[in-house]
There are 2 protein chains.
Amino acid sequence: MSTPHVEHHHDNSHALGENATLREPISADGTPEIGKTYTVPARNGRAVRVKSGQTIRITNTHGTQVCDTWIFNADHLDEFLSFEHARASLDKVIPQAGDPLMTNHRRPIAELVTDTSPGVHDTLMAACDLYRYKNLGVAGYHDNCADNMRLALKAIGMRAREVPQPFNLWMNIPIKPDYSIEWLAPVSKAGDYVDIKALMDCVVVMSACPQDIIPINALNPLEVEFTVLA
Amino acid sequence: MSTPHVEHHHDNSHALGENATLREPISADGTPEIGKTYTVPARNGRAVRVKSGQTIRITNTHGTQVCDTWIFNADHLDEFLSFEHARASLDKVIPQAGDPLMTNHRRPIAELVTDTSPGVHDTLMAACDLYRYKNLGVAGYHDNCADNMRLALKAIGMRAREVPQPFNLWMNIPIKPDYSIEWLAPVSKAGDYVDIKALMDCVVVMSACPQDIIPINALNPLEVEFTVLA
C-alpha cells in the first residue's frame, strides 16, 4: 500500500528535499524589476510578486517546456487560483485568452489576456512530486514541481499550506471521448507566451517542470522566462 | 472584483455558517454500527470512520441526487483522496469499478469496488460553497457542500485545513470535444450504489448536495444513504 523509502510528511507546506531554487530568489521578497526578463532555470522554480494591474508574460523559450504555474493572493496565501473553482466559473476545462482565473473563494485573481500558443494547457494533473518520481522508480531525490513551488516561496520568505492544482502551461494532456487521458509532448513553438494580468496583488510561482521520464517536456527539461510588465 | 456581502475567511478549515450537520453526528467520534444504514439528510453532511478493509456502500436512494464525497486518512487529515493525483495515476478523468483512489501522497487510500450506476460521476468541480451561492444571487446563508464537510468533521471532533476536490458521485458534467462542460441532471436510477473499500483507516465525509439553482440534483435536493460493511 505505501510507497517504500519515502517519508510521508504530514505538513504539506514542507519540501521533501531541496535544490538551487531555495538560494536563487529574484529578490529578497520577490519584487521584480519591471520590464526585466528573468529565467526559471531548467528543473527549478521562481516566485515573483505581481501587483494588481500588472501583467506577467511567461515565455516558452524553447517551445517544448511545461511551466507549472500557481497564483496566490499576496496578502493571504490561503486564497489562490483554484482550477476546481475556475472550471466551474468558465464552464471549460482549459482557460482561453480573455478568461478570468478564479480563486478558491470564487474571485477573479487574474485574467489570461493573451496566449500565442495553440492553447493546449493542462488543469487536471497535480504538480509532479517526490512521491510521483518514487512511484516511477527513481531512487533518491529528483527535482519536482511541488518542491520547487515550496522552495521558491521559501526563498522569498513565504509558505503555502498546500500545493494547489497548478496551471500547467503548455502541458499536453488530451482527454479522449472515453475520458481516458494521454501524456504527450507540447504543441507550442519556441517563443510562445502567455500574458496574465493580475487583478489582485499576487505572488506567481513558476516551475520549469523537471519531468524527464515521461515525454511531457519532450524528455529534455529546459528553462522558461518571465517578465513583469507595468 | 470581490463578491459583495461575503466575508472571506482566510482559514479555509472554518465553515462560513452552519446547519443541523453540526449537531447530528452518527456517533461521537464517527464510528458506525457495522451493517446499519444511515441517512445523509437532504442538504446535510455526515462523517463516518471506515477502517482499512471495511467497505462503505453509498446509495442514491432516489437516483437524482449528487453526493459530494471525501476520503481522509483518519490519522493525518492532511492526506486525502486527491483527484489531481488520482487522475494522474489512473490516466482517466473518472474512476471506474476496480480502480484505486489515490491520495495527495500518491498512495491508494481506497478502491472503487462496485458501481451499479452508468458510471457518470464528476471529479472536476469544487464543492459548492457560500461564495458560489452568493455569485448565483442567493442572499443570506445557503446550505453548501463545503460547509457540510467542515461541519460533519467538526461534529466528530475533527478538522481539515482545506476542502479537497470531492468525488462528486452521480454528478453529470459532460466534457464536450471543445473541452467546454455542461451541468446536467444525474443519469443514475433509484437505488444505485457504489461500494468503496478502505485501504487505510479512513474518515469518509458525504454531503447530499443542496444545489437547487442549477439542475445537477434535478432541482430537488434529497437524501442519500450509506452503510459500512465488514
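The values are calculated or read from the model by the stated rules, or taken from the named source; none is laboratory data. All values derive from a computational prediction rather than experimental measurement. Backbone-built Cβ (ideal geometry, glycine too); neighbour counts: all protein chains shown. Just so you know, the surface numbers come from the protein's heavy atoms only, side chains and all, with ligands and any DNA or RNA stripped out. Shrake-Rupley method; radii C 1.70, N 1.55, O 1.52, S 1.80 Å.
Placing a label point 7 Å from Cα along the Cα-to-Cβ direction at residue A:201 gives distances to the equivalent points in the other copies of 4.5 nm, listed shortest first.
Pairs of lysines in segment A:20-229 whose Cα atoms sit within less than 25 Å of one another amount to 13, provided the residues are eight or more positions apart or on different chains.
For segment B:140-230, the Kirkwood estimate of hydrodynamic radius, built from reciprocal distances between every pair of different alpha carbons, is 15.4 Å. Once you reduce segment A:38-79 and segment B:67-96 to the center of their Cα atoms, the two points are 27 Å from each other. Accessible surface computed residue by residue for chain A, with neighbouring protein chains in place and a 1.4 Å probe, gives 35 Å² per residue. Over chain A, the hull volume per residue, using the convex hull of the C-alpha atoms, is 120 Å³. With a 1.4 Å probe rolled over the protein heavy atoms of all chains, the accessible area of A:182, A:7 falls in the order A:7, A:182, largest first.
Backbone phi angles across segment B:157-168, fed through the Karplus curve with coefficients 6.51, -1.76 and 1.60 (θ = phi - 60°), yield HN-Hα couplings of x, 10, 8, 10, 5, 10, 9, x, 4, x, 8, 8 Hz in residue order; Gly and Pro are listed as x.
Protein heavy-atom surface of chain B, 1.4 angstrom probe: 50% of the accessible area is carbon and sulfur, with nucleic acids and ligands not counted.
For residue A:101, the residues 5 or more places off, or on other chains, whose built amide H falls under 5 Å of its own are A:109, A:110, A:111, A:112. If you wrap segment B:1-104 in the convex hull of its Cα atoms and look at it from every side, the mean projected area works out to 9.8 nm². Binning the C-alpha pair distances of the protein assembly as shown at 10 Å intervals from 0 yields a P(r) profile of 4, 22, 32, 26, 13, 3, 0 %, listed from the shortest bin outward. The contact residues of segment A:144-161, meaning those that lose at least 30 Å² of 1.4 Å-probe accessible area when all protein chains sit together rather than their chain alone, are A:161. 3J(HN,Hα) along segment A:210-219: x, 5, 10, 10, 10, x, 5, 10, 6, 6 Hz, from the Karplus curve 6.51 cos²θ - 1.76 cosθ + 1.60 with θ = phi - 60°, whole Hz, x for Gly and Pro.
If you count, for every residue in B:84-91, the Cβ atoms of partner chains within 10 Å of its Cβ, what is the mean?
On the way: counts 11, 7, 1, 7, 10, 3, 2, 6.
Counting Cβ atoms of other protein chains within 10 Å of each residue's Cβ and averaging gives 6.
Kindly tabulate the residues in segment A:119-143 with an accessible-area decrease of at least 50 Å² between the chain alone and the assembly of all protein chains, using a probe of 1.4 Å. Flagged in segment A:119-143: A:124, A:126. In chain B, helices alone account for a calculated mean residue ellipticity at 222 nm of -3000 deg cm²/dmol, with every DSSP H run of four or more residues adding -39,500 (n - 2.57).
Taking amide hydrogens as placed 1.01 Å from N in the peptide plane, the amide H of residue A:79 sits under 5 Å from those of A:73, each at least 5 positions away in sequence or on another chain. In sequence order, segment A:56-66 has phi-based couplings of 9, 9, 10, 10, 8, 3, 9, x, 10, 10, 7 Hz under the Karplus curve 6.51 cos²θ - 1.76 cosθ + 1.60, θ = phi - 60°, and Gly or Pro positions carry x.
Interface size, chains B and A: roughly 4400 Å² of accessible area buried, both sides included, 1.4 Å probe, rounded to the nearest 100.
The mean number of Cβ atoms from other chains found within 10 Å of a Cβ in peptide B:101-107 is 6, as a whole number.
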